[in-house]
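Trainee: Okay, here's the structure, questions in a sec.
The values are calculated or read from the model by the stated rules, or taken from the named source; none is laboratory data. Since the model is a prediction, treat every value here as computed from it, not as a measurement. Here Cβ is always computed from backbone atoms with ideal geometry, including for glycine, and neighbour counts include all displayed protein chains.
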Amino acid sequence: MNQTDVINLISNKLKLIRIEYDYTQDKMAEILGISKKTLVQIEKGRNPASWTVTVAASALFRESEILTSVLGADPLEVIETLAHEKIDSPKDKTMGGKVWWKEVKVIGKFRLQQNVISQHYRILDDLDFRWYSSFNGEEALQKINELSKDKKGD
């Protein structure tokens with residue numbers, strides 16, 4: 001999944017997100033900081049949303065069931081991983097990957113998971129805190145090996 005994929009996914013679901021939140025086009029456009037005309041063009045599939053609108057929608061509607069279902073994870077995690085190419089520091093507590101994630105590798109207190117929809121990888125510790133995210137599987141495998149070696153003394 002890349003930036004264009006996410007833009008297209010969110011552009012195609014923007015109307016459903018608006019309906020999910022029971023907003024008019026005027027209200028939705030105001031929330032996203034765009035004109036109603038621009039929103040109508042996106043909703044009708046004539047133009048995709050910009051990256052900025054995509055990021056805004058992901059942040060402002062991160063609890064949306066529609067967004068979660070098309071991205072398979074917290075929308076902001078996907079956006080942040082794409083924007084920075086990876087996340088490489090202990091971060092948020094997660095739900096542990098019960099629904100959208102498959103286990104790839106477990107070493108000690110760390111587990112590498114891959115999202116079944118977006119295909120990005122993350123490393124969680126035994127308390128379900130996210131330590132790393134990336135779309136690069138080789139880097140993720142290298143990182144879990146590094147983390148498991150670094151934390152053996154804990």
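Trainee: Is at least one residue of region 106-115 of a type in the set (A, V, I, L, M, F, W, C), crowded, with 16+ Cβ neighbours inside 10 Å and in contact with a strand residue (DSSP E or B) (Cβ under 6 Å, 6 or more places away or on another chain)?
Mentor: The answer is yes, given that some residue of region 106-115 is of a type in the set (A, V, I, L, M, F, W, C), crowded, with 16+ Cβ neighbours inside 10 Å and in contact with a strand residue (DSSP E or B) (Cβ under 6 Å, 6 or more places away or on another chain).
Trainee: Could you list all residues from region 124-154 that are aliphatic (A, V, I, L, M) and at pLDDT 90 or above? I'd like the intermediate steps shown before the answer.
Mentor: Within region 124-154, the subset aliphatic (A, V, I, L, M) is 124, 127, 140-141, 144, 147.
Hits for region 124-154 are Leu124, Ala140, Leu141, Ile144.
Trainee: A further question on this structure: Considering only residues that are closer than 11 Å to Lys13 by Cβ and surrounded by fewer than 17 Cβ atoms within 10 Å (Cβ to Cβ), look in region 34-87 and name the one that is nearest to the chain's Cα centre (by Cα).
Mentor: Ranking the candidates gives Ser69 first.
Trainee: Quick one: what pairs do we get from region 117-133, first residue buried (at least 22 other Cβ atoms within 10 Å of the Cβ), second among the aromatic types (Phe, Trp, Tyr), C-beta under 6 Å, 6+ apart or different chains?
Mentor: Hits for this filter: His120/Phe135; Ile123/Phe110; Ile123/Trp131; Ile123/Tyr132.
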